[in-house]
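The values are calculated or read from the model by the stated rules, or taken from the named source; none is laboratory data. Just so it is clear, the structure is predicted and the values come from calculations on it, not from any experiment. Glycine also receives a Cβ, built like all others from the backbone with ideal geometry; neighbour counts cover every protein chain displayed. These accessible areas exclude ligands, DNA and RNA; they are computed on the full protein's heavy atoms, side chains included. Shrake-Rupley method; radii C 1.70, N 1.55, O 1.52, S 1.80 Å.
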Amino acid sequence: MIRDMTSSRINPVEKGAGLMFGASLVVLSSVTAMAQMTPVQLRCEYLVNPLGLDVRQPRLSWVLQASGRAQVQTAYRILVADSRDALAKDDGNLWDSGKVDSDETIHIAYDGKPLTSGQTVFWKTRVWDKAGAESPWSEPASWQMGLLEPDDWTAKWIGKSDTPPNGPLPSLPPAMLRKDFNVAKPVARATAFVTALGLYELRLNGQKVGQALLTPEWTDYATRVQVQAYDVTPMLKEGDNAVGALLADGWYAGRIGISVILGAGGQVRGFYGRWPHLRMQMQIEYADGSRETVITDESWQSTTDGPIRKACILDGEVYDAQKEQPGWDGPGFKAEGWKSAHIEPSFPVKLVAQRHDPIRVTQELKAVAVTEPAKGIYVFDFGQNIAGACRLKIQGKAGLKVRLRHAEVLQPDGNIYRDNLRIHGELGARQEDEYTCRGEAEETWVPRFTYHGFRYVEVAGLPAKPAPELLTGLAFHSAPPMTSGFESSSALLNKLMLNTVWTLRDNLHSIPTDCPQRDERMGWTGDILAFGQTACFQMDMAAFLAKWLQDLRDDQARDGRFPDFAPHPFDPDKRFSGVPAWGDAGVFVPWYLWVSYGDKRVLDEHYDAARRWVDWIHSNNPDLLWKNNRNNDYGDWLNGDTLKLTGFGFPEGKAQMSPEVVGTAFFRQSALLVSKMAGILGRTEDAARYGKLAADIKSAFNRAYVKEDGTIENLDPPKDPNQKPVLHGNTQSDYALALDLDLLPPEKRPLAANLMVKAIENYKWHISTGFHTTVRLMKELTKAGRNDVAYRLINNRTIPSWGYEIDHGATTIWERWDGWVEGRGFQDPGMNSFNHYAIGAVAEWMLRVIIGINPDEDSPAYKRFTLRPMPGGGLTWARGHYDSIRGRIACDWRMEGDTLHVVVTIPPNTSATVCIPARDRTAVQEIPQAGTQSMQGVTFKGMQDGAAAFEVGSGTYHFTSAGYKIPG
Ligand code: BGC
């Protein structure tokens with residue numbers, strides 16, 4: 001049903017990649033045939049052959065392929081040349097690094113001649129292995145610089161020919177803009193640099209330029225806007241050409257989520273500006289070496305009398321094909337009734353290169369069912385909750401209007417459920433597209449300037465029952481490569497993993513969002529804090545999150561508060577800033593990038609902002625308990641006490657942590673991470689100062705909240721001063737958070753772990769945690785030797801559990817454990833999304849514990865790591881992988897009789913501690929691989945909690961553990 005167009009370095013999860021017993025042996029044998037270590041997958045600033053970079057010293061990375069064991073790189077040489085030919089002749093005329101003795105394969109900064117605006121360069125590398133043997137040169141790769149200086153831009157900002165009306169801004173049609181130009185000579189290369197305050201689609205000679213959608217994406221437009229660079233060489237022709245653009249309001253001038261909650265004084269659109277504008281500069285290099293530019297300027301014409309009548313991110317798009325102007329984006333069009341475009345002399349906004357993968361269609365879905373719940377109303381079911389839109393293919397009479405309304409779930413009568421879209425008058429997210437037919441043969445249409453969160457589409461207006469082919473679901477999102485795979489003997493766990501992956505995809509639209517359907521879709525900081533490590537396992541998030549950290553810095557309040565969401569269009573100095581476990585994302589997220597990708601540049605760029613956040617908390621809370629200024633204070637959001645499960649026999653008031661305990665725990669962790677960052681960056685004084693602060697907060701935490709017997713609780717002041725203080729504590733969440741953030745002295749850890757298990761038992765062996773404690777609970781159960789309980793929770797099928805969601809049709813992770821309950825129905829429609837990733841962070845536990853992949857923060861970017869699969873929960877096999885920045889790490893285990901087989905793969909130039917579950921050392925053997933001897937390069941380090949720990953270098957190892965019984 002699903003056509004996969006994910007161009008990833010690996011297969012996406014649902015294809016069941018990993019396959020140690022199958023595919024990876026194929027990889028192994030093809031690698032064995034190669035004589036030497038080879039550099040492959042060359043990337044520049046995390047991207048493959050990027051265009052339009054504005055980093056003057058871009059960083060280069062590669063992955064190594066090698067046969068044999070314990071292979072390491074001992075040296076590398078990089079050549080960078082100004083032409084493909086020069087590079088082919090090994091002439092690094094821009095940079096020849098020479099042979100550098102180093103095992104580094106990532107983030108090697110270009111250090112050659114200064115690069116100029118628009119320059120394209122070509123590069124390759126070769127490496128030396130542990131025996132000193134030289135590899136062949138890699139395949140060539142390239143990058144292109146963007147327009148580096150403000151003066152490089154001669155293009156002007158152009159917009160609609162009329163001016164915005166006074167007063168509240170109504171929804172108005174997007175603009176069409178166009179210009180003819182001539183290409184006199186053969187073209188060697190042409191690049192279009194494009195941006196907009198608004199959303200644009202660039203068109204050249206009748207075709208869309210590039211595949212990217214919703215460009216230039218969302219940033220803090222008051223500060224910066226992204227520029228996309230497109231290679232348009234093949235789209236130009238000698239002679240007459242035409243360039244056109246569609247220009248819509250988008251996030252800049254259109255509606256944005258939660259404006260109503262913020263009581264924006266009745267304002268519903270135009271939060272950054274009232275009128276969208278476009279800026280485009282096409283640089284043409286002719287074959288004879290001469291150059292020319294085509295720019296947006298006074299010569300462009302504009303109209304709003306085109307087919308797109310309305311376009312809104314939240315509400316959808318209205319398209320009247322009868323108003324199409326055929327040929328408008330091709331040469332020689334008579335632009336009758338068009339006027340000169342408006343020129344805006346300047347905007348106080350910085351132009352920056354887009355530094356991450358664009359939003360694009362990754363999958364096409366066919367309808368799995370079409371029903372007719374009411375006469376003439378057809379409901380298409382795509383079988384999967386996605387973010388995107390539909391392609392409509394229709395043959396209808398001229399003027400026939402077809403309405404598509406999108407929803408995540410159905411009502412009991414089979415009609416779509418829209419209450420959770422919060423539509424009230426002009427507010428909410430209508431998620432509704434409308435198409436009016438031209439009335440010719442088959443017509444095809446896809447909306448351009450909106451996206452919806454949906455599994456179901458209701459179609460109205462058709463004269464007869466449609467074929468399922470009427471609609472194709474298009475899933476689109478920011479699309480970094482997928483980097484993990486998971487499969488096991490449990491259909492439930494496989495589905496759970498798949499649901500978490502879809503939820504991540506559905507919430508990447510140039511920023512990490514909370515949800516893709518209702519009128520929010522904001523970059524809520526707490527959500528990505530909770531899900532960040534999972535995201536870094538599942539996709540290559542480095543470039544995307546580095547971009548978002550810039551958004552976060554742009555909207556940091558003057559006093560150091562990080563915003564509750566970024567971008568923050570509603571004045572972060574005034575409101576929606578400075579909340580525990582939300583603002584802390586400004587410290588946690590760069591740390592995730594450090595651990596997974598070893599990105600020191602991000603740490604360096606972000607350090608000061610992170611430090612200011614901690615200073616702000618500290619200055620408001622000199623006694624080191626975060627009592628003051630917790631602002632919107634969301635606490636451990638959506639924990640068990642927020643469920644509406646009366647009659648299910650759960651104790652009430654036993655799930656909610658004290659918000660002060662949440663705050664103090666995060667304050668301490670942020671101080672600790674700032675101290676670690678300072679150490680990495682060589683700021684030794686800061687490292688000591690924040691390290692001491694972290695230690696002092698930990699002591700204060702224990703004094704204030706932790707009793708002798710390990711109980712954690714706090715008497716919180718009442719919200720209403722006339723009420724009594726409220727005792728919160730002794731919840732699953734308290735112990736999960738305190739253990740996971742290492743807040744307790746060693747002797748209290750077992751006490752707390754026991755109390756944590758007791759709290760689970762008291763909750764009928766179900767989970768009662770919220771956003772910030774769910775995966776922490778799972779990880780701490782494992783650490784405490786209670787994997788039996790962790791597996792029990794993940795295998796639960798009664799509410800609240802992931803299994804309950806899945807058994808009731810979930811294809812993505814629900815915002816609330818009780819989004820829908822049998823016999824009760826939906827939760828409060830004011831906040832009930834079926835596509836929120838936070839509690840899906842359990843996928844992190846699945847990859848760490850079931851597959852066993854664990855990064856080591858002291859050896860970032862998986863230079864060293866631990867592989868420790870921990871079978872349990874009735875599983876008989878599991879396999880998975882993670883494509884680290886240094887190559888694929890994989891683990892595949894299965895029971896055969898009473899023998900456990902574990903096959904692991906360690907990438908070249910890395911090493912790992914591999915822990916094989918075993919009764920003792922003598923039970924573990926290694927089946928030799930081609931070209932190696934058993935246990936070659938494998939060093940036993942001792943037994944650790946029921947597993948034999950071995951140190952290994954790169955290679956594939958097939959261990960067996962005889963007489964093993966998987967714990968129940
Ligand atoms: C969002 C959350 C967010 C929260 C703040 C909600 O409306 O959807 O995911 O983190 O507000 O508590």
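A few notes on this one:
- Restricting A609, A655 to those that are of a type outside the set (S, T, Y) and at pLDDT below 95 reduces the list to A655.
- Residues (within 16 Å of the ligand (Cβ to nearest atom) and out of contact with any helix residue (DSSP H, G or I) (no Cβ under 8 Å at 6 or more places or on another chain)) located in region 552-567: D555
- Being free of Cβ contacts under 8 Å to residues at least 60 places away in the same chain, open to solvent by less than 10 Å² (accessible area, probe 1.4 Å), β-branched (V, I, T) and within 16 Å of the ligand (Cβ to nearest atom) is a property that holds for V579.
- When T472, T503, T436, T450 are checked against the criterion of being within 16 Å of the ligand (Cβ to nearest atom) and among the polar types (S, T, N, Q), T503 stands alone in meeting it.
- Region 617-665 - residue that is within 16 Å of the ligand (Cβ to nearest atom) and among the charged types (D, E, K, R) and, of those, farthest from N832 (Cα to Cα): R630
- Residue check for G819: within 16 Å of the ligand (Cβ to nearest atom), open to solvent by less than 20 Å² (accessible area, probe 1.4 Å) and within 16 Å of F648 (Cβ to Cβ): yes
- Scanning region 485-506 for residues that are open to solvent by less than 10 Å² (accessible area, probe 1.4 Å) and either in contact with an Asp or Glu (Cβ under 7 Å, 6 or more places away or on another chain) or modelled with pLDDT under 95 (or both) returns no hits.
- Taking the criterion of being closer than 18 Å to K179 by Cβ, touching an Asp or Glu at 6+ places or on another chain (Cβ under 9 Å) and either buried (at least 21 other Cβ atoms within 10 Å of the Cβ) or of a type in the set (V, I, T) (or both), the residues of region 257-300 that qualify are P276, H277, Q281, M282, I284.
- Residues of region 838-853 include none that is more than 16 Å from the ligand (Cβ to nearest atom), open to solvent by 10 Å² or more (accessible area, probe 1.4 Å), more than 18 Å from G946 (Cβ to Cβ) and among the β-branched types (V, I, T).
Residue by residue, here is whether (1) in contact with a Lys or Arg (Cβ under 9 Å, 6 or more places away or on another chain); (2) within 26 Å of V446 (Cα to Cα); (3) in a loop (DSSP other than H, G, I, E, B) holds:
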| site | (1), (2), (3) |
| --- | --- |
| W218 | no, yes, yes |
| V225 | yes, yes, no |
| G244 | yes, yes, no |
| W251 | no, yes, no |
| E298 | yes, no, yes |
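- Hey, R668 basic (K, R), assigned to a helix (DSSP H, G or I), more than 16 Å from the ligand (Cβ to nearest atom) and open to solvent by less than 50 Å² (accessible area, probe 1.4 Å) or not: yes
- Pick from region 827-837, criterion open to solvent by 10 Å² or more (accessible area, probe 1.4 Å) and within 10 Å of the ligand (Cβ to nearest atom), ranking: farthest from L638 (Cα to Cα): G830
- Test: residue in region 672-695 that is within 16 Å of the ligand (Cβ to nearest atom), in a helix (DSSP H, G or I) and open to solvent by less than 50 Å² (accessible area, probe 1.4 Å): no
- Hey, A784 within 16 Å of the ligand (Cβ to nearest atom) and among the small types (G, A, S) or not: no
- Residue match in region 531-550 (condition: touching a residue at least 12 places away in the same chain (Cβ under 8 Å), assigned to a helix (DSSP H, G or I), away from the ligand (no atom under 16 Å from the Cβ) and of a type in the set (D, E, K, R)): yes
- For region 611-620, the condition of being acidic (D, E) and within 30 Å of K863 (Cβ to Cβ) holds for none of the residues.
- Meets criteria (within 23 Å of R430 (Cβ to Cβ) and either in contact (Cβ under 8 Å) with a residue 12 or more places away in the chain or not acidic (D, E) (or both)) for L493: no
- Cβ pairs under 7 Å, 6+ apart, first in region 514-527 and more than 6 Å from the ligand (Cβ to nearest atom), second assigned to a loop (DSSP other than H, G, I, E, B) and of a type in the set (S, T, Y): P516/Y451; Q517/S833; R518/S833; R521/T513; M522/T513; G523/T513
- So W814, is it within 16 Å of the ligand (Cβ to nearest atom) and aromatic (F, W, Y): yes
- Residues that are surrounded by fewer than 23 Cβ atoms within 10 Å (Cβ to Cβ) and either within 25 Å of L172 (Cα to Cα) or not hydrophobic (A, V, I, L, M, F, W, C) (or both), drawn from region 228-240: Y230, D231, T233, P234, K237, E238, G239, D240
Yes/no per residue for (1) open to solvent by 50 Å² or more (accessible area, probe 1.4 Å); (2) β-branched (V, I, T); (3) farther than 26 Å from T223 by Cα:
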residue: W157; (1), (2), (3): no, no, no
residue: S171; (1), (2), (3): no, no, no
residue: D180; (1), (2), (3): yes, no, yes
residue: V183; (1), (2), (3): no, yes, yes
residue: V187; (1), (2), (3): no, yes, yes
residue: T195; (1), (2), (3): no, yes, no
residue: L199; (1), (2), (3): no, no, no
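- Residue list for region 879-897, filter: crowded, with 24+ Cβ neighbours inside 10 Å and hydrophobic (A, V, I, L, M, F, W, C): I885, I889, A890, C891, W893
- Flag for G710 being open to solvent by less than 10 Å² (accessible area, probe 1.4 Å), more than 25 Å from N629 (Cα to Cα) and not hydroxyl-bearing (S, T, Y): yes
Yes/no matrix, rows are residues, columns are (1) of a type in the set (V, I, T); (2) open to solvent by 60 Å² or more (accessible area, probe 1.4 Å); (3) without any contact (Cβ under 8 Å) to a residue 40 or more places away in the chain; (4) in contact with a Lys or Arg (Cβ under 7 Å, 6 or more places away or on another chain):
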{"residue": "A752", "(1), (2), (3), (4)": "no, no, no, no"}
{"residue": "M756", "(1), (2), (3), (4)": "no, no, yes, no"}
{"residue": "K764", "(1), (2), (3), (4)": "no, yes, no, no"}
{"residue": "F771", "(1), (2), (3), (4)": "no, no, no, no"}
{"residue": "L777", "(1), (2), (3), (4)": "no, no, no, no"}
{"residue": "D788", "(1), (2), (3), (4)": "no, yes, no, no"}
